[in-house]
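What follows is one structure encoded as structure tokens, with my remarks underneath.
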Amino acid sequence: MEERTTLEVIAPTVEQAIADGLAQLGLPADAVTVEVLDSGSKGFLGLGGRQVRIRLTVKAPSVETPPVSEAEAEEVVEQTEGEKEEDERVLHLAREVVTTLLKYMHVDARVFVSFGEASGNHPAPVRVDIRGQDLGVLIGRRSETINALQFIVGVIVSKEVGRKVLVLVDVEGYRERREQQLRRLARRMAEQAVKTGRRQILEPMPPNERRIIHLELRDHPHVRTVSIGEEPHRKVTIEPKESHP
Amino acid sequence: MKALIEYIARSLVEHPEQVEVRTRRAGRRVVVELRVAKPDMGRVVGRHGRVANAMRALLRVAAERENKLASLDIIEP
């Protein structure tokens, strides 16, 4: 689990927000300080009320907190105050943008933000985790809604910050579930292609999903994958490598 | 619905004061009309209409929640 110094949480009540935040951090209550940023409002007949917003700050490492490796500790120290402030500003902004969009979409949910892992030269992406009941509406057909949300949030945050910020939006662990499902599908269709000797054409998929299929079958000895068609109807095809005319 | 499109458009353009959103209704159907300053057109449409289409996807959710059908028109200044 990555190290995080602060976490902002939105929930209907302060108690709920603290409980959610601690669960996300995997820390006991005495390892953090709680700051209520917005104590919310009731709204009329339960409508239009503002949710509670709190900030949890992890206290300096002590015996109760999980041990931090030397390398990680070094990294935390090396981050300057300015960078830390900038990071917090980006997280705060991402959460703000998502919360506002959900409000105008009339979707009631809790929003968690954190930095994902940096890979290579790319800076760490901002991860936005949306949790709540009945959020299928946020995923949409062929992941259209969740991808639209991710795209819009990325564009707004990048514009606001003045540089490209990669934002990854997830809803109730959907991305991971979908990835597993796609990898199974890829293997099944590859088998089918080999067995029948015929090209298999998958349903249209967004680029990030097609990529999962390509990657899953990249080292497959008997099939190759090719995308055909134009967005948003572009689809992956899986064809046997040796053609027997 | 109007507030959603207004918020997104104002966040993306260089001239937020020139963002104008109107809605036309016919029963369950709602047409949301978005107008922005000419140099901001590209910002609300996006490459290959990507921004416009993402706005439409989010607008659809907002509309569904009000039991309506919505469409978004971006009007050339």
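The table that follows gives values for the structure above.
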| item | result |
| --- | --- |
| Most positive-pole-ward Cα, A:123, A:107, A:204, against dipole of chain A from beta carbon charges | A:204 |
| Prolate/oblate/rounded call for the range B:2-75, Cα gyration tensor, a/c under 1.5 rounded | prolate |
| Using a Förster distance of 22 Å, the FRET efficiency for residue A:192-residue A:142 (Cβ separation, nearest 0.05) | 0.55 |
| Chain A: DSSP helices with Cα axial extent of at least 20 Å and average Kyte-Doolittle hydropathy no lower than -0.5 | A:144-161 |
| Chain B - percent of accessible surface contributed by carbon and sulfur, probe 1.4 Å | 46 |
| For chain A: relative contact order, % (alpha-carbon pairs under 8 angstrom, 6 or more apart) | 12 |
| Between helix B:50-65 and chain B: long-axis angle, C-alpha atoms, 0 to 90°, nearest 10 | 30 |
| Residue-normalised accessible area of chain B, given per residue in Å² at a 1.4 Å probe | 54 |
| Selection from A:221, A:25, A:9 lying farthest towards where the dipole of chain A points positive, charges on Cβ | A:221 |
| Efficiency of FRET from Cβ geometry, residue B:68 and residue A:16, R₀ 35 Å, rounded to 0.05 | 0.65 |
| Loop-located chymotrypsin sites (Phe, Trp or Tyr not before Pro) in the range A:115-211, at most 15 other Cβ atoms within 10 Å (DSSP) | none |
| Dimensions in Å of the protein assembly as shown - Rg and Dmax from alpha carbons | 22.5, 71 |
| The protein assembly as shown: Lys pairs at Cα distance under 27 angstrom, eight or more positions apart or on different chains | 17 |
| Reduction of at least 20 Å² in accessible surface, 1.4 Å probe, comparing all protein chains with the chain by itself, residues of the range B:1-33 | B:3, B:4, B:7, B:8, B:11, B:12 |
| Cβ-placed point charges (K, R +1; D, E -1), dipole of chain B about Cα centre in debye, nearest 20 | 360 |
| Given charges at beta-carbon only (K, R positive; D, E negative), |dipole| of the range A:133-245 in Debye | 340 |
| The range A:171-218: Cα Rg divided by the 2.2 N^0.38 Å rule of thumb | 1.20 |
| Accessible area of chain A belonging to carbon and sulfur atoms, whole % at 1.4 Å probe | 51 |
| Electrostatic dipole magnitude of the protein assembly as shown [Cβ: Lys, Arg +1; Asp, Glu -1; Cα centre; debye, to 20] | 2300 |
| Loss of accessible area when B meets A, both sides summed, Å² nearest 100, probe 1.4 Å | 1800 |
| Percent RCO, i.e. relative contact order, over the range B:2-75, from Cα pairs under 8 Å lying at least 6 residues apart | 32 |
| Drop in accessible area of at least 10 Å² in the complex versus isolated chain, residues of the range A:81-123, 1.4 Å probe | A:97, A:100, A:101, A:104, A:105, A:106, A:107 |
| Beta bridge orientation in the range B:2-75: antiparallel %, DSSP, nearest 5 | 50 |
| Positive-pole candidate from A:185, A:146, A:173, dipole of chain A, charges at beta carbon | A:185 |
| Longest segment of chain A lacking GluC sites (Glu not before Pro) that sit in a DSSP loop with at most 11 other Cβ atoms within 10 Å | A:118-229 |
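The values are calculated or read from the model by the stated rules, or taken from the named source; none is laboratory data. Small disclaimer: the values here were computed from a predicted structure and weren't measured. Note that each Cβ is placed from the backbone with ideal geometry, even for glycine, and that neighbours are counted across all protein chains shown. Please note that ligands, DNA and RNA were not included when accessible areas were found on the heavy atoms of the full protein model with its side chains. Shrake-Rupley method; radii C 1.70, N 1.55, O 1.52, S 1.80 Å.
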